[in-house]
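The values are calculated or read from the model by the stated rules, or taken from the named source; none is laboratory data. Predicted model, so just to flag it, every value in this text is computed and none were measured. Every residue, glycine as well, gets a Cβ built from its backbone with ideal geometry; the counts of neighbours run over all protein chains shown.
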Amino acid sequence: MLSTTQAGVTGNGHRSRRSQREAGRGDPSAVSAEASSPAVPSPATMLPPNLPRICLALQAETVAELLAKAEQAAHDNLLLELRLDYLKHPESALPRIRQFLHSWPEAQLIATCRRQTLGGKFRGSLDAELSLLLHAAQAGCRFVDLELESAERADARALAGLRRQTRLILSHHDFERTRPPDSYFERMRRFAPAVYKLAFTARNFADNLTLDRFVRAHAAAYPVVALAMSEWGLPSRILSLRAGAIFTFASFSPGEETAPGQLDIATLRRLYRVDDLNRATRVYGVLGYPVSHSLSPHMLNAAFQRESINAVYLPLAAKKAEEILEAAHEIPLNGFSITLPHKSALLARMNGLDPLAGKVGAINTVIRSNGKLYGYNTDVAGILGPLEQRLPMRAARVLILGAGGAARAAAFGLKARGAEVWLLNRTAARAATLGRQARTHVVRRSDLKKLSVDVVINATPVGQTPQISHTPLSADELKALKPKIVFDLVYNPLDTQLLRLAREAGAATIPGFEMLVAQGARQFQLWTGKPAPVDLMRHILLSQLASVKA
Ligand code: NAP
């Protein structure tokens, strides 16, 4: 019986004996080793135990800068890729690598010196690349990264020499698109590398699913790393770990990416908690396009962490509703938020619908349970929650400005609570339609002075950044309406001109971020069955909004 280390099992539990038996194919020296002792894995393919789940890709123009970053990074993460090809004189790094490993003997260094023709920065020949990698291995690098295309062209003896010194990460990069991964994987198997690395470029959401499928199919038997580059590929950088990939790549800090779409280590660790991901991790996300600006990942990941729930919430950029449904069942997603442009389109694809969401005609939250999808509209709770904390809505008189998606949620939600509602909208016909559907009054601007209300809700974007001096109602109109409460759904800026005028008119005010928090809290509750840590979510959101402003 082989010990765990002998069998080549990593700290993450990967690497079976089957993969160890693959060792040596295509490499003459390794083949003979396998023939003489088939059960003993080659040191060239055994992975060190407790390999970190993040490989920090380091790049700099000078050796001093590169090693200074490695020093700083090693305190936090011991798996480091040194991109020697970014250096003006890569060979000058070798003595400094030895020195570094003297101070950090437990550091796992990957040396990479990718040539320009394969997307790197090294201008030398393949022989020069191999020679540099060999010297890096002799200096103590525990891995070298060599491209599949280079391995296929390399002199067999040079390759065998390299493998005697260190472990080979065989990589393939495609900077244009995502192709079927299996043909590359088959070509790689000939070389029996220690790690199989595929980095494609995602052009849409579905490309993440292609890589996820690949990792799920092979990770139990082979140490794979599979990533989709570009902003479309963000999910793959996190979900590949859940599917069983041995590590993912991160940049040292934002702006220092060595590949398009690479996330920085702090984001991977603190926001997405990738060190804790496992097969049991439940996956949630916000689907739509664009989603990169969404604050929900900050708010909901913090809530999952606070409540010790093994779940992650991702921005899932998807242009097509079909991609969302495919992801929902394939990843599978346990639930998701839906943003523009899919809020109405997906409604008809649900297996069940919250009655109020059906009336509003839009869903923003989906629960997936036993393979079925159930749609909800938590914008309703996002509006009612903050209002009802201050005033009962039964028989309250409410003026809603706008007749779009948020106004619909407000109108149907308030009517369900027994409020009396008036609508005022720029396009009168739209207000008339919503008024008929939700059984509200409709008011013209010229008639506003005849009205007095308890609550005004702004469900238009008027006053939003950058037009922060605009207001949907004048000071005189507000004074005439005499509202007790003014709720501005605009959340950027935090304090709007309308809210300032409302305070001057003696009204209590509710800023738009309260709706963001309340609708997110309702999502959390729907997905987990637990009350949300609302104070934490509010705190996280406020600090995010403050940093957006800065
Ligand atoms: P929407 O569906 O596009 O509807 C926008 C509404 O605003 C329409 O009734 C439109 O009138 C009106 N409008 C747009 N520009 C206007 C202008 N310059 N002057 C007067 N009226 C104007 O948008 P929505 O999804 O309902 O969102 C509305 C606002 O609520 C946005 O600012 C959004 O950020 C905010 N919101 C906040 C939250 C939150 O969590 N705090 C959630 C959802 C929405 P027409 O019919 O004439 O085009």
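Points worth noting:
- Condition broken by ARG538, with the remaining ones in (1) over 20 Å from ARG390 (Cα atoms); (2) outside any loop (DSSP other than H, G, I, E, B); (3) not β-branched (Val, Ile, Thr) satisfied: (1)
- Some residue of segment 335-356 being buried (at least 24 other Cβ atoms within 10 Å of the Cβ), assigned to a helix (DSSP H, G or I) and within 37 Å of the chain's Cα centre (by Cα): no
Residue by residue, here is whether (1) at pLDDT 95 or above; (2) surrounded by fewer than 18 Cβ atoms within 10 Å (Cβ to Cβ); (3) over 18 Å from ILE54 (Cα atoms) holds:
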{"residue": "THR281", "(1), (2), (3)": "yes, no, no"}
{"residue": "GLY288", "(1), (2), (3)": "no, no, yes"}
{"residue": "LEU300", "(1), (2), (3)": "yes, no, yes"}
{"residue": "GLU322", "(1), (2), (3)": "no, yes, yes"}
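- Lone qualifier among LEU494, LEU499, LEU448, LEU526 - being buried (at least 22 other Cβ atoms within 10 Å of the Cβ) and either of a type outside the set (Ser, Thr, Tyr) or within 14 Å of the ligand (Cβ to nearest atom) (or both): LEU499
- Checked against the criterion of being without any contact (Cβ under 8 Å) to a residue 60 or more places away in the chain and either part of a strand (DSSP E or B) or among the aromatic types (Phe, Trp, Tyr) (or both), the candidates ALA93, ALA111 yield just one match: ALA111.
- Index of the failed condition, LEU489 passing every other in (1) farther than 20 Å from LEU414 by Cβ; (2) more than 25 Å from the chain's Cα centre (by Cα); (3) within 12 Å of the ligand (Cβ to nearest atom): (1)
One line per residue, one yes/no per condition, for (1) outside any loop (DSSP other than H, G, I, E, B); (2) assigned by TED's automatic domain parsing to the domain that holds PRO260; (3) buried (at least 19 other Cβ atoms within 10 Å of the Cβ); (4) not small (Gly, Ala, Ser):
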{"position": "LEU133", "(1), (2), (3), (4)": "yes, yes, yes, yes"}
{"position": "SER150", "(1), (2), (3), (4)": "yes, yes, yes, no"}
{"position": "ALA158", "(1), (2), (3), (4)": "yes, yes, no, no"}
{"position": "GLY161", "(1), (2), (3), (4)": "yes, yes, no, no"}
{"position": "ARG164", "(1), (2), (3), (4)": "yes, yes, no, yes"}
{"position": "SER171", "(1), (2), (3), (4)": "yes, yes, yes, no"}
{"position": "ARG187", "(1), (2), (3), (4)": "yes, yes, no, yes"}
{"position": "PHE191", "(1), (2), (3), (4)": "no, yes, yes, yes"}
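- Considering residues of segment 389-413 that are more than 23 Å from LEU340 (Cβ to Cβ) and within 16 Å of the ligand (Cβ to nearest atom) only, the residue nearest to the chain's Cα centre (by Cα): GLN389
- For the residues ILE331, ILE367, the requirement of being in contact with a helix residue (DSSP H, G or I) (Cβ under 7 Å, 6 or more places away or on another chain), at pLDDT 95 or above, at negative phi and not basic (Lys, Arg) singles out ILE367.
- Residue identified as of a type in the set (A, V, I, L, M, F, W, C) and either within 25 Å of PHE247 (Cβ to Cβ) or under 13 Å from the mean Cα position of the chain (by Cα) (or both) among ALA311, ALA303: ALA311
- Residue list for segment 302-320, filter: modelled with pLDDT of 95 or more and of a type in the set (Gly, Ala, Ser): ALA302, ALA303, SER308, ALA311
- Any hit, segment 417-430, residues being among the charged types (D, E, K, R) and buried (at least 23 other Cβ atoms within 10 Å of the Cβ): no
- ALA518 in a helix (DSSP H, G or I), away from the ligand (no atom under 12 Å from the Cβ) and within 25 Å of the chain's Cα centre (by Cα): no
- Of everything listed in (1) within 14 Å of the ligand (Cβ to nearest atom); (2) over 33 Å from the mean Cα position of the chain (by Cα); (3) over 27 Å from PHE524 (Cβ atoms), the single unmet condition for PRO466 is (2).
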